[in-house]
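Laboratory data are not the source of any read-out in this text; all were calculated from the coordinates shown. Just so you know, these numbers come straight off a predicted model, no measurement behind them. Cβ placement follows ideal geometry from the backbone for every residue including glycine, while neighbour counts extend to all protein chains displayed.
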Amino acid sequence: MSQSSEMHTHLPTGILGSWSATALQASLIDELKRDRTSKNLKMFFYAVTNSGWREIRNSVKEWRRLGKGRSVVAFIGTDDAITDPLALENMLGDDVDVRLMEEYQGIFHPKVVWLEGAEGNVVWVGSNNLTKRGLLLNVEFAVVVRSADIPTELKKWADAVESGSSILTPELLLSYKQERKNFEAKRARANVTSFTWSKRSKPTSPAMSNTEAGDLIVEVMPKETGMEGTQIQLPKKAAERFFELTRLGARRTIVLNPKGTPEMRRLTMTMFENYTVRLSVSDLEYRDRPCVIVFRKVGSVRVQFEIVSQNIFPSRYKALLALCNKRTREGSRHWTIVKKNNQ
């Protein structure tokens, strides 16, 4: 592997004494698949999002199913309002014992996973949050430590964290959701957007826009859908030309596929009475915006999509936005259907 390729993947591996540097998501999934003896899985995260939980949920559920008496506990922080209430709801639905941090000083900032068993312990410690960015997109670093016994200091720390946490109840969840929504409104009024350093270098991609003829590019603006960020309103002309919703009340069922994943979600789109069309993109997180989404038809009903965030891929975001039409009015979004000659 060339040096430039290694720098681009950002997946450190190596042995550092008894510590192994690892790509957290891949290492955790592999360990859960092989583990036969551990009883408890404990997760400690500053923040969790629904798309982040989806990256490991099937592996966690399968691990629990294959062992009698296994438990999964997640200690989750709410600082900075990054944690997604939908993630908390879905973790509960997956039989995770979710505990929110309530009594502590400073910020609850750990990123630790502990697989505990009578025959040994595996502990991952890193910079990754349980978010899609933290697991797949950011430059992160994590190590895995194996120990036959439970380290005394780890046990004391985990007990202290548990003592400062509370079981997630419907009342606690509602309280967090409401206060997070109020915070969102205040942030929107201040017109705060993401920060991108002007000297950041562009990604090493052979084609900055990397599009094909017929692709739909749609801008998603910072304050468009609130902090949950899962639903976008498509421009009427884009809905007509790309999704073929050509009249009031028209409906079309599509299979939405995040690029690079096998996941398929069947959705029904409708042209409503006010001539709006909304589309739920559950992978879209608040901090992804501003961004553009590139939609591509794959067959008769499958539509593949890719989220290109200004914060993560600034040069590609700019190149895609440059392909779009001019805004039709102040406050409207940029969008286009890529013509044959665009690269």
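Descriptive notes on the structure:
- Sequence-ordered 3J(HN,Hα) estimates for segment 297-308 from the Karplus curve with 6.51, -1.76 and 1.60 and θ = phi - 60° stand at 6, 10, x, 7, 10, 7, 10, 8, 9, 9, 9, 10 Hz, glycine and proline given as x.
- Highest mean packing first, where packing is the average number of other Cβ atoms within 10 Å per residue, the peptides 57-65, 156-164 line up as 57-65, 156-164.
- Using alpha carbons only, the radius of gyration of segment 220-333 set against its Kirkwood radius gives Rg/Rh = 0.94.
- Estimated distance in nm for a label pair at Q233 and R329, the labels positioned 7 Å out from Cα along Cα-to-Cβ: 1.0
- Once the mean of 1/r is taken over each pair of separate Cα atoms and inverted, segment 3-188 shows a Kirkwood hydrodynamic radius of 17.2 Å.
- Amide H contacts of N129: G134, each under 5 Å away and 5 or more positions distant or on a separate chain (H built 1.01 Å from N in the peptide plane; Pro and chain starts excluded).
- Cross-link partners of K39 among lysines, defined as those whose alpha carbon lies under 29 angstrom from its own and excluding same-chain residues fewer than eight positions apart: K61, K68, K111, K132, K155, K156.
- The gain in end-to-end length when the H109 to R266 segment is fully stretched comes to 52.9 nm, 0.36 nm per residue minus the alpha carbon separation.
- Ranked list, fewest to most other Cβ atoms within 10 Å of each Cβ, for C291, C324: C324, C291
- Cα gyration tensor shape of segment 275-343, rounded if a/c is under 1.5, else prolate or oblate by comparing a/b with b/c: rounded
- Using a cutoff of 8 angstrom between alpha carbon atoms and counting only pairs six or more residues apart, the relative contact order for segment 3-188 works out to 26 percent.
- Global geometry of segment 89-186, whether rounded, prolate or oblate, following the gyration tensor of its Cα atoms and the 1.5 cut on a/c: prolate
- Neighbour counts of C-beta atoms inside 10 Å place H334, H109 in the sequence H109, H334, starting with the fewest.
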